[in-house]
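Peer 1: One structure follows; several queries about it will come next.
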Amino acid sequence: MCSRCGGLLDIERRGEIDASPLREVWRQRRASLDPRNRSGVWRFREFLPFTDNTQIVSLSEGNTPLYDAPRSADYCRLQQLKLKHQGCNPTGSFKDTGMTAAVTQARKLGARLVVCASTGNTAASLAAYAARADLLCAIVVPTGQVSHAKLAQALDYGAKVLEVEGNFDTCMNLIRELAEDESVYLVNSINPFRIEGQKTVAFELAEQLEWRMPDHLIVPGGNLGNSSAFGKGFRELFESGLIDRQPKITVVQAEGAAPFAKFYDDSGHESFVNEEHPQTLASAIKIGAPVSWQKAWRAVRETGGSVITVTEQEIADAKAIIGRDGIGCEPASATTVAGIRKLVAQHEIKEPETVVAVLTGHVLKDTDYVIKYHSENLIAPEGAPIAPKFANAPIRIQSVADILK
Ligand code: F0G
């Protein structure tokens, strides 16, 4: 925290960087076996705030695919849609790209204990990187609100899992208090090193698109670290002349957990009001007091993007369509495709504009949700059943003859 204004710390580059040779340097590193070059984060180290990068804590994060998604495109009434799948990271979510930087910094500082509050993915990611760095790790999660897969990961990687009555925001308050002890290192996206690592996804995306930026980049919004990181990444690429324009960043929130969208809709954008009782089945983004809203607001404002909401029904059907592309994702990630469909219907996105959506988590992160959807048992938080448009329930058979019917 900044001792003067109470806001979050931000890391700024000092001095000019000669970016002209970098595209070629980064391309050549892709063929290298050096662990720093195998990582899709450390490959872009000229833009990371580390002078010594020989002691990095890495799981070969990044290097995630950028898929064409024709069925999802069709669902959104677009000719083309690309999905950047951050769920293909080592622990199955986008958190790894930031965690490699934050845990590297924790080790450098000689931290005794690394901690985070989490809806599950940050927990799984921190637990893995702390294990690699041989650091003690404690994570604080809301009791009963984290998917089994994410909890299982954190346990397996050896983290101390501390369960708290309340929601993510309760956990976040608790952990901020804990981090006042100097030997404790907090790695939620409050931590500017997390944002630094995550911003390299913008670099990797630019490279995959041969440095031609799309018109729109769509991301889910929870604690708002991811949108902040993309904003910073694109800004730095633009300022160093590596790209000639920035995509409009649109953040999509679940209707029941949408304080940022409410702030955006308020024409004066004067005060940010937290959502006291956030509700959504997309448990990863069930957050009412996003810590990085100011940075995310900067990203939206500077790129001319927007903040919108989608319903539980829209999230669920969009998720199933992403599955039909053979890609799959967790519910929070599907807010993006649901959001794009809405933006196209409202003519906020118009052909032939180009669109990239960021999928933040792997389909196996929340299989309970998937099974319930396909067997028509998914119930929205306010008790209304979801009517799945693309249900695909298992079929009981007795014999081969049943298959051929
Ligand atoms: N998608 C997934 C799969 C997430 O896990 C999260 C956040 C988000 C989207 C939202 O990203 O917070 O940067 O706006 N998960 C955090 C966690 C809160 O604890 O795992 P954001």
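Just so you know, all these numbers are worked out from the coordinates, no wet-lab data involved. Remember, predicted model here, so these are calculated numbers, not experimental data. Ideal geometry is used to build each Cβ from the backbone, glycine not excepted, and the neighbour counts take in all protein chains shown.
Peer 1: Using the Karplus equation 6.51 cos²θ - 1.76 cosθ + 1.60 (θ = phi - 60°), what ³J(HN,Hα) coupling, rounded to whole Hz, does each residue of segment 314-329 give in order, writing x for Gly and Pro?
Peer 2: 3J(HN,Hα) across segment 314-329, in whole Hz: 5, 4, 5, 5, 5, 4, 5, 5, 4, x, 5, 7, x, 10, x, 6.
Peer 1: When only alpha-carbon atoms count, how far does the chain stretch along each of its three principal axes, as whole angstroms with the largest first?
Peer 2: 66, 53, 48
Peer 1: Then there's this: When all alpha-carbon pairs of segment 131-219 are counted, what percent fall beyond 15 Å?
Peer 2: On the way: 2808 of 3916 pairs.
Here the long-distance tail beyond 15 Å is 72 percent of all Cα pairs in segment 131-219.
Peer 1: Over segment 220-271, consider all pairs of different Cα atoms and compute the Kirkwood hydrodynamic radius from their mean reciprocal separation; express it in Å, one decimal.
Peer 2: Values: mean 1/r = 0.0800 Å⁻¹.
Hydrodynamic radius (Kirkwood, Cα only) of segment 220-271 equals 12.5 Å.
Peer 1: Have a look at L155, L359, L126 and tell me which one the Gaussian network model of the chain (Cα, springs below 10 Å) gives the largest fluctuation.
Peer 2: L155
Peer 1: Go ahead and set up a Gaussian network model of the chain, Cα springs under 10 Å, then flag whichever of E204, E302, E382 fluctuates most.
Peer 2: Of E204, E302, E382, the most mobile in the Gaussian network model is E382.
Peer 1: Still on this structure: Pick from F260, F238, F47 the residue whose mean-square fluctuation is largest in a GNM of the chain, springs joining Cα atoms under 10 Å.
Peer 2: Most flexible of the set in this elastic network: F238.
Peer 1: Using only the alpha carbon atoms of segment 33-160, find the Kirkwood hydrodynamic radius as the inverse mean reciprocal pair distance, in angstroms to one decimal. Intermediate results must be reported in sequence, preceding the final value.
Peer 2: Working: mean 1/r = 0.0632 Å⁻¹.
This gives a value of 15.8 Å.
Peer 1: Just check segment 230-332 against the gyration tensor rule for me: Cα atoms, a ≥ b ≥ c as the square roots of the eigenvalues, rounded for a/c under 1.5, and otherwise prolate or oblate depending on whether a/b exceeds b/c. List each step's numbers first, then the result.
Peer 2: Numbers: a/c = 2.35, a/b = 1.19, b/c = 1.97.
Verdict is oblate for segment 230-332.
Peer 1: What share of Cα pairs, in percent, lie more than 12 angstrom apart in segment 249-292? Before the final figure, lay out the partial values.
Peer 2: Numbers: 542 of 946 pairs.
Here the tail beyond 12 Å accounts for 57 percent of pairs.
Peer 1: Sort out for me the Cα centre separation of segment 346-405 from segment 288-314, rounded to whole Å.
Peer 2: The two parts, judged by their Cα centres, are 25 Å apart.
Peer 1: Continuing with the same structure: Cβ neighbours within 10 Å, averaged per peptide: list 156-163, 246-253, 137-144, 388-395 in order, most packed at the top. Intermediate results must be reported in sequence, preceding the final value.
Peer 2: Values: 156-163: 15.9, 246-253: 27.2, 137-144: 20.0, 388-395: 12.6.
Packing proxy ranking, top to bottom: 246-253, 137-144, 156-163, 388-395.
Peer 1: Can you give the Rg and Dmax of segment 1-44 based on its C-alpha atoms, in angstrom?
Peer 2: In Å, with Rg to one decimal and Dmax whole: 15.9, 45.
Peer 1: OK, next. In whole Hz and in residue order, list the ³J(HN,Hα) couplings for segment 262-273 that follow from phi through the Karplus curve 6.51 cos²θ - 1.76 cosθ + 1.60, θ = phi - 60°; x for Gly and Pro.
Peer 2: 5, 4, 5, 6, 6, 4, x, 6, 8, 10, 8, 10
Peer 1: Same structure, new question: FRET efficiency for E12 and L109, Cβ-Cβ distance as r, R0 = 25 Å, nearest 0.05?
Peer 2: Working: r = 20 Å, r/R0 = 0.79.
Once rounded, the FRET efficiency stands at 0.80.
Peer 1: Now a separate question. What do you get for Rg/Rh over segment 349-405 if you use C-alpha atoms and the Kirkwood form of Rh?
Peer 2: Numbers: Rg = 17.4 Å, Rh = 14.9 Å.
So for segment 349-405, dividing Rg by the Kirkwood Rh gives 1.16.
Peer 1: Which entries in K319/K342; K150/K342; K262/K372; K199/K248 show an alpha-carbon gap greater than 25 Å? Let's see the in-between values first.
Peer 2: Numbers: K319/K342 14 Å; K150/K342 30 Å; K262/K372 30 Å; K199/K248 16 Å.
Table pairs above 25 Å Cα-Cα are K150/K342; K262/K372.
Peer 1: So how do 219-225, 66-72, 25-31 stack up, highest first, on mean other-Cβ count within 10 Å? Show your work: numbers first, answer last.
Peer 2: Numbers: 219-225: 29.3, 66-72: 17.7, 25-31: 12.7.
Sorting 219-225, 66-72, 25-31 by mean packing, highest first, produces 219-225, 66-72, 25-31.
Peer 1: Out of all Cα-Cα pairs in segment 257-405, roughly what percent, to the nearest whole number, are more than 18 Å apart?
Peer 2: Values: 7018 of 11026 pairs.
Here the long-distance tail beyond 18 Å is 64 percent of all Cα pairs in segment 257-405.
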